[in-house]
Amino acid sequence: MTDTISAEFHCHSNYSPDSLVTLEDIIKTCRAKGIGKIAITDHGRMAGAFKAHNMAPDLVVVSEEVLTNEGEILAYFITEEIPDNLPPMEVVKRLKDQGAFISVAHPFDPWRGANWKPGTLEKLVPYLDGVEAFNARCFDPTFNEKAGNFANEHGLAWMVGSDAHSIPEIGKAVLQLPDFNTAEELRQAVKTAVFSGELSGKIVRLHSTIAKVVNKFRKTQ
C-alpha cells in the first residue's frame, strides 16, 4: 500500500526574482513541517529546482512556473526549461512532449498576470492535467472559486499551492495524496487527493516586493 504524503505544489526559491528563500531553507522547512513532496516552481527557470532535486531527490519535484503571453502555467516533472512569453499553446505542446504534468496557475486572478483571451483556457484543456483551484495568495476568494468551477466543468484535477515566496508560507496549501515519483504517478495520485489549506495574509506580498528590490540591487553590484 502506497504511503500518503503532504505535497506542496507551488513554491519559489531565490532563483526567482521575487524570492530570497534558499534551497537549503526550503528543504529544511519541508522536513520540519512533514511535507513529503515539494514542487519548486521558479519563474521561467528550472535551475533551482534541478539543484534542489539533486540535494533531496525524495522531496523535490523539478518544476517551473512559465509565463506565457496570456497567463502562467505550472509544469511538474520537467526535463527542459521553457522560456517565458511564448503563446500558451506552444508552451503546453512543448511540455506535453516532455511528458510533464501540466496545470494552470491562479487562472482567474487578474492581479497575478492572468490575462487569458476568451477561449484560450478551453483550448488548453486537452493538454492539461489540472488547474490550480486554490492559491493561498489569491486574496479575493472568488478567484479560487472560479478556478475550482473551471476544473470541475472540464474534469481536471484540483491542484493547490501556497505560492510561497517566503518560509512561513510553505505548506499553507497542500494536497494529501499517495506518494508519487513521476508525472504519471502524480496523475493517478491526484484522483484521491484531499485538500487542506488557508489563505495567506496580505502582508506576504511585502516579502516579494522586498525580494525584488534586493535581487535587483545585487545584480547591479
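Under the definition of Cα pairs under 8 Å and six or more residues apart, what whole-number percent is the relative contact order of the chain? Mind dumping the intermediate values first?
On the way: 506 pairs, mean separation 49.3, N = 221.
Once divided by the residue count of the chain, the mean separation gives 22 percent.
Estimate the FRET efficiency between residue 81 and residue 32 by the formula 1/(1 + (r/R0)^6), using the beta-carbon distance for r and 25 Å for R0, to the nearest 0.05.
Working: r = 29 Å, r/R0 = 1.18.
So the FRET efficiency works out to roughly 0.25.
Name all residues of the range 2-34 having a backbone nitrogen under 12 Å from the label point set 7 Å from the Cα of residue 191 along its Cα→Cβ direction, giving them as ranges.
Hits in the range 2-34 for residue 191 at 12 Å: none.
Using a 1.4 Å probe on the protein heavy atoms, what percent of the accessible area of the chain belongs to carbon and sulfur? Please list the in-between numbers first.
On the way: 5610 of 10140 Å².
For the chain, the apolar C and S fraction of the accessible surface comes to 55 percent.
Residue by residue, what Karplus-based ³J(HN,Hα) values in Hz, rounded to whole numbers, does the range 179-196 have, using 6.51, -1.76 and 1.60 with θ = phi - 60° and x for Gly and Pro?
4, 8, 9, 9, 4, 5, 5, 5, 4, 6, 5, 5, 5, 10, 5, 10, 8, 9
Kindly count the pairs of lysines across the range 1-97 whose alpha carbons are less than 24 Å apart, treating pairs on different chains or eight or more residues apart as eligible. Mind showing how you got there, number by number?
Values: 28/37; 28/51; 33/51; 37/51; 37/96; 51/96.
Going through the range 1-97 pair by pair, I get 6.
Considering only 193, 105, 133, give the residue with the highest GNM mean-square fluctuation for the chain, with springs between Cα atoms whenever their separation is below 10 Å.
Looking only at 193, 105, 133, the largest GNM fluctuation is found for 193.
Taking θ as phi - 60°, what are the ³J(HN,Hα) couplings along the range 30-37 by the Karplus curve (6.51, -1.76, 1.60), each to the nearest whole Hz, with x for Gly and Pro?
4, 4, 5, 8, x, 7, x, 9
Taking 41 Å as R0, compute the FRET efficiency from the Cβ-Cβ separation of residue 98 and residue 142 and round it to 0.05. Walk me through the intermediate numbers first.
On the way: r = 33 Å, r/R0 = 0.81.
Approximately 0.80, to the nearest 0.05.
The values are calculated or read from the model by the stated rules, or taken from the named source; none is laboratory data. Not measured: the values here are computed from a predicted model. Note that each Cβ is placed from the backbone with ideal geometry, even for glycine, and that neighbours are counted across all protein chains shown. Keep in mind that these areas ignore ligands, DNA and RNA; they rest on the heavy atoms of the full protein, side chains included. Shrake-Rupley method; radii C 1.70, N 1.55, O 1.52, S 1.80 Å.
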